[in-house]
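Let me begin by presenting the structure, written as C-alpha cells, before commenting on it.
The values are calculated or read from the model by the stated rules, or taken from the named source; none is laboratory data. Predicted, not measured: the structure shown is a model, and the values here were computed from it. A quick note on method: Cβ atoms are made from the backbone with ideal geometry, for glycine too, and the neighbour counts reach across all protein chains shown. Calculation scope for accessible area: heavy atoms of the full protein, side chains included, ligands and nucleic acids excluded. Shrake-Rupley method; radii C 1.70, N 1.55, O 1.52, S 1.80 Å.
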Amino acid sequence: MRCLTFPIPFIRPLLVLAACALFLSAGCASKTVIQSVPSPSPVQQPARQPAVTETLLARYEAWKGVPHRIGGTDHRGVDCSGLMQIVFREAFDMELPRTSREQSRLGQNVPPADMRPGDLVYFIDKRGDHIGVVVERGRFLHASATVGVTVSQFDAYWWPRLKRVQRVLPPSLTAAQSGF
C-alpha cells in the first residue's frame, strides 16, 4: 500500500484552515445561554419625611419679608394668625381656624420647657394677642408688625410675653423632635 504524503509546506496551511473551520462551525452551533439569576431589587425605603424644622423653614423662605397686614392672608400682607393658618395648611395639610383666639383652643397645652418644633406659641404683646410657631430651639416663626414674616429668638423681649404653648401636630410628627 502506498502512503500519501504531503510536503510539509502544504500541511501547515491545511491545519490552519481546518482550525478556522472548526472555530467558525462552533460559532454557528446552537448555544446554551446561561442566564444570570436576577438579583432581588433593592428594598425601597419610604421617602423620608422632612423634619418639622426643615418644613417650617421652607415655608419661612416662601413667606420671608411679607409685610404685616391686619386681616391679611396673602403675599401682599399677612397677620400672625393668617400666617399660622397658611403655614399649617401648606406644611402639614392641616386646617387651623382663622383667628389667634380660635387657634389658641386647639391642641394640648405643654410647658414652655417641653416645646418642640411645630408647637404654637401665644404671646401678650403691646398690640394684644400674638401667635407664632416654634421652628427650632429658641426660635419661632411669626408675622411681626414691624418687619413682616420673620423668625425671632425667644429673647428678653419675647420670653416674658410668652403665655402659652400648644401642641397641635400629631405625635407622629413631633415625637422625633423631642429633645431638640
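A few points about this structure:
- Selection status of Val135, touching a helix residue (DSSP H, G or I) at 6+ places or on another chain (Cβ under 7 Å) and open to solvent by 10 Å² or more (accessible area, probe 1.4 Å): no
- Exactly one residue out of Ala47, Ala58 is surrounded by fewer than 16 Cβ atoms within 10 Å (Cβ to Cβ) and modelled with pLDDT of 95 or more: that is Ala58.
- When Ser172 is tested against the conditions (1) open to solvent by 70 Å² or more (accessible area, probe 1.4 Å); (2) touching a Leu at 6+ places or on another chain (Cβ under 9 Å), the lone failure is (2).
- Filtered residue count, segment 111-136, keeping only those that are part of a loop (DSSP other than H, G, I, E, B) and within 16 Å of Leu173 (Cα to Cα): 5
- Here the condition is being free of Cβ contacts under 8 Å to residues at least 12 places away in the same chain, more than 27 Å from the chain's Cα centre (by Cα), surrounded by fewer than 17 Cβ atoms within 10 Å (Cβ to Cβ) and within 20 Å of Pro171 (Cα to Cα); of Arg69, Arg105, Arg89, it holds for Arg105 alone.
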